[in-house]
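The values are calculated or read from the model by the stated rules, or taken from the named source; none is laboratory data. This one's a predicted model, so the numbers in the text were calculated from it and none came from an experiment. Cβ placement follows ideal geometry from the backbone for every residue including glycine, while neighbour counts extend to all protein chains displayed.
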Amino acid sequence: MKNIVFLLCGSFNPVNYMHLRMFEIAKDFFNMHLKIEVKCGIISPVNDKYNKRGLVNSNHRLNMLKSALKSSNWVKLDTWECEQNQWSTTFDVLQHFQQAFNKNDKQDSKVILLCGADLFESFTVPGLWDPQHIKDIIKTFGIAVVTRYGTRIESVFQNLPFLNTLKDKIYIIHDPIPNEISSTKIRAAISRGQSIKYLLPEELIQYIQNHKLYV
């Protein structure tokens, strides 16, 4: 297989340690179990026009991501998706980055969608995903799914039998150190006035407090 580029799409509202850990977990899996080199990781925050309830402006989300990624030498933030005039589908974002690597990268890298089990499970939510869209993402790019405690990956395959024909491009990666941190839980804690210390880097906590986000 070609060198791998992980692409993680999402709101990052706010980015948290689990988002960043997913890259490390997936990299270990590909390096150690599949003997495949991981070239780099890309974080692509969703456009403001995604119109998700509680989604703060991309300027804030980008500032927090820049701060959180200071310690990484291989995971990079990309603002292309945020800079578009409209919301982009996951397939379109994957296609953009694959075309960019095809044009500029002589090492012939392969872009793979990196996601958590919650996104993978959302494939079964009626009306949320077009089945053809799911097929196109997996068949064209592949998907690396980092599981979380309590998730039922097998139920996704049961509810969507067509996934069984694409298993060779679906990489299920079990987190060796389960982590229950999520942006949803962090936002809920902030709205209740509870401490989020040690859930996020201190710089991000200060940023959220200074800009009165999620209150």
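Can we say PHE101 is touching a residue at least 60 places away in the same chain (Cβ under 8 Å), within 28 Å of ASN31 (Cβ to Cβ) and part of a helix (DSSP H, G or I)? Write out each step before concluding.
Numbers: touching a residue at least 60 places away in the same chain (Cβ under 8 Å): yes; within 28 Å of ASN31 (Cβ to Cβ): yes; part of a helix (DSSP H, G or I): yes.
Yes: the conditions hold for PHE101.
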- Task: Could you check, for the stretch 39-53, whether at least one of its residues is surrounded by fewer than 22 Cβ atoms within 10 Å (Cβ to Cβ), under 20 Å from HIS211 (Cα atoms) and at pLDDT below 95?
- Result: yes
- Message: I need every pair where a residue in the stretch 157-176 that is over 17 Å from ASP130 (Cα atoms) has its Cβ under 7 Å from the Cβ of a residue that is modelled with pLDDT under 95 and surrounded by 12 or more Cβ atoms within 10 Å (Cβ to Cβ), sequence separation at least 6 or different chains.
- Response: ILE172/THR147; ILE172/ILE153; ILE173/THR147; HIS174/THR147; ASP175/THR147; ASP175/ARG148
- Could you check, for the stretch 75-95, whether at least one of its residues is in contact (Cβ under 8 Å) with a residue 40 or more places away in the chain, under 20 Å from ASP175 (Cα atoms) and surrounded by 15 or more Cβ atoms within 10 Å (Cβ to Cβ)? yes
- Message: So, THR151, is that one touching a His at 6+ places or on another chain (Cβ under 7 Å) and either at pLDDT below 95 or exposed (fewer than 11 other Cβ atoms within 10 Å of the Cβ) (or both) or not?
- Response: no
- Task: Starting from the stretch 121-143, keep only residues that are more than 17 Å from GLU154 (Cα to Cα), then list their pairs with residues that are of a type in the set (Lys, Arg) whose Cβ atoms are within a distance under 7 Å, requiring at least 6 positions of separation or different chains.
- Result: LYS139/LYS169; GLY142/LYS169
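Residues that are within 27 Å of LEU62 (Cα to Cα) and either in contact with a Ser or Thr (Cβ under 6 Å, 6 or more places away or on another chain) or of a type in the set (A, V, I, L, M) (or both): which strands (runs of 3 or more DSSP E) entirely in the stretch 106-215 hold 3 or more of them? Reasoning before the result, please.
Numbers: elements: 110-116, 143-146, 170-173.
In the stretch 106-215, 110-116, 143-146 are the strands (runs of 3 or more DSSP E) which contain 3 or more residues that are within 27 Å of LEU62 (Cα to Cα) and either in contact with a Ser or Thr (Cβ under 6 Å, 6 or more places away or on another chain) or of a type in the set (A, V, I, L, M) (or both).
Does GLY142 fit the bill of being modelled with pLDDT of 95 or more and at positive phi?
yes
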- Message: Going residue by residue through the stretch 17-32, is there one that turns out to be in a loop (DSSP other than H, G, I, E, B) and at negative phi?
- Response: no
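LYS39: in a helix (DSSP H, G or I), farther than 12 Å from PHE12 by Cβ and either without any contact (Cβ under 8 Å) to a residue 40 or more places away in the chain or of a type outside the set (Val, Ile, Thr) (or both), yes or no?
Details: in a helix (DSSP H, G or I): no; farther than 12 Å from PHE12 by Cβ: yes; either without any contact (Cβ under 8 Å) to a residue 40 or more places away in the chain or of a type outside the set (Val, Ile, Thr) (or both): yes.
Judged against the criteria, LYS39 is not a match.
Collect the residues in the stretch 197-214 that are surrounded by 11 or more Cβ atoms within 10 Å (Cβ to Cβ) and either on the phi < 0 side of the Ramachandran plot or among the hydrophobic types (A, V, I, L, M, F, W, C) (or both), keeping them in residue-number order.
Filtering the stretch 197-214 for residues surrounded by 11 or more Cβ atoms within 10 Å (Cβ to Cβ) gives 199-201, 203-209, 211, 213-214.
Answer for the stretch 197-214, where residues must be surrounded by 11 or more Cβ atoms within 10 Å (Cβ to Cβ) and either on the phi < 0 side of the Ramachandran plot or among the hydrophobic types (A, V, I, L, M, F, W, C) (or both): LEU199, LEU200, PRO201, GLU203, LEU204, ILE205, GLN206, TYR207, ILE208, GLN209, HIS211, LEU213.
Could you go through the stretch 46-69 and let me know if any residue there is closer than 28 Å to TYR198 by Cβ, in contact (Cβ under 8 Å) with a residue 12 or more places away in the chain and under 12 Å from the mean Cα position of the chain (by Cα).
Yes, because at least one residue in the stretch 46-69 is closer than 28 Å to TYR198 by Cβ, in contact (Cβ under 8 Å) with a residue 12 or more places away in the chain and under 12 Å from the mean Cα position of the chain (by Cα).
Could you count how many residues in the stretch 51-65 are in a loop (DSSP other than H, G, I, E, B) and polar (S, T, N, Q)? Walk me through how you get there before you give the answer.
Residues of the stretch 51-65 in a loop (DSSP other than H, G, I, E, B): 51-57.
Then drop every residue that is not polar (S, T, N, Q), which leaves 51, 57.
Of the residues in the stretch 51-65, 2 are in a loop (DSSP other than H, G, I, E, B) and polar (S, T, N, Q).
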